[in-house]
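Quick notes on the structure that follows.
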Amino acid sequence: MQPDFSLADCDVMGFDLDHTLCRYHLPLSARLIYDSFAQYLVTEKSYDKDLLTLAPDNLDFCCKGLVLDIEEGNFLKLAEDGTVLRASHGTKSMTSEEILETYGRREWKHFNTVSGMVSRSAKYYLYDNYFDLPGALLCAKVVDILDQHDGQKKYDFWKDMVSAIQHNYKISAFKEDCGTYFPEVKKHPDKYLQSCPESVKKWLKQLKSAGKILLLITSSHSDYCRLLCEHILGNDFEEYFDIVITNALKPGFFSHTPNQRPFRTLENDEEQEALLSLDKPGWYSQGNAIQLYELLKKMTGKLDPKVVYFGDSMHSDIFPAHHYSNWETVFILEELLGDEVMVPAETEAEPLEKKGKYEGHQPRAPYFISRQWGSFFMDRVPGLENAEETLIRTWSCKCISTYSTIAIPSLEAIADLPLDYRFTRFSSNSSATAGYYPSPPRALLPNEESVTMK
């Protein structure tokens, strides 16, 4: 494999929508998502009303890459070897001694399954995208409340949490004005959505002019997709893409066969009959990567067209596109923004988005660096008081270099580069920081005191 990677070598560019092409004002959308789940638990499942109250810095708890050990009510930050680096019971951080007593210095019992990425389990839940993440804080607060009232040792709230997620995000929720999430985004799109930078719009057009085929593949349903795209790209957004696939149900889009997950046409946002094959560009629902690739062969006239896919979720985008379809993958990792020494100036309309400080009682800028959980990329191995500290990569960080071709903070970061710019790709032969553009996280650089130590 070549040590570098260029978009010019790719025939097809695929994009995820949420948090990839469409970026959100994270502190505000996080609060909305938290409220939408909490409202459901309180009104439909009779949970404690205290769940509806958030202190200004509560969202600091949210950190991508956390795993919830459902039965124990514990949240874990895992090292690349599967050992536990930090943990909390509910919202309360566990001490190094408590972590060692509970988990020892061995691989966490479900690490094999979670690191395989292929299966979900009723025993744990991995938080790896911003649509799920505020639910981590809610679950932690549920554990706190259950401990206070019942002194529980095993927890069974998870089924209610799943109901809350399904209620707010189900396919018909947008149309029916159901739940808290969609009605609010419909009413105030400007409050939650960042407009797409002109540089990115221009870049998409340049890709098309250069003969690239552009795909939009999102698990959002067609009605929500249309709202987002019209808002960020304009009413002519369909002209940017050759193929639009909504309700793609990733990661199943990549792992399922045509029989398991056929493509469907849409009429007035209602899914129609299953298609036996995919014959022409257009807007489709559900589907699978196998039949899509057959169409891409026809469209490019190549036996083996090269596809690159841009996405923000390791579990739903990057791992499956790499593992099942052997596509190149560009990981959109907003955490890289929080790691910059100099933060680019933003317009007045979005002052919170990139600032790494608390501003009065405003929520802190996105969960780039959580004070409770430390760096997304590295952490110390918990030891007893006088033990020498050793730094180790997190499991999330290892996944990046294993399954992504490159990692960038946003599409804007590469939009002004020439199409034939050659990126250094992640590979087992290169350094652990090689694939990050424009620069690696400071936590991974040698001789930097950049991991927040407690």
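The values are calculated or read from the model by the stated rules, or taken from the named source; none is laboratory data. Please read these numbers as outputs of a predicted model, since none were measured by experiment. As a convention, Cβ positions derive from the backbone with ideal geometry for all residues, glycine included, and neighbour counts pool all protein chains shown.
Exactly one of (1) surrounded by fewer than 19 Cβ atoms within 10 Å (Cβ to Cβ); (2) in contact (Cβ under 8 Å) with a residue 60 or more places away in the chain; (3) out of contact with any Cys (no Cβ under 9 Å at 6 or more places or on another chain) is unmet by residue 176. Its number?
Looking at each condition in turn, residue 176 falls short on (2).
Name the residue, out of 105, 86, that is crowded, with 23+ Cβ neighbours inside 10 Å and either in the same structural domain as residue 125 (by the TED database) or part of a loop (DSSP other than H, G, I, E, B) (or both).
Answer to the selection: 86.
Tell me whether the range 39-49 contains one or more residues that are part of a helix (DSSP H, G or I), buried (at least 20 other Cβ atoms within 10 Å of the Cβ) and under 20 Å from the mean Cα position of the chain (by Cα).
no
Of the residues that make up the range 117-127, is at least one out of contact with any Asp or Glu (no Cβ under 9 Å at 6 or more places or on another chain) and either of a type in the set (Phe, Trp, Tyr) or crowded, with 22+ Cβ neighbours inside 10 Å (or both)?
Yes, there is a match, as at least one residue in the range 117-127 is out of contact with any Asp or Glu (no Cβ under 9 Å at 6 or more places or on another chain) and either of a type in the set (Phe, Trp, Tyr) or crowded, with 22+ Cβ neighbours inside 10 Å (or both).
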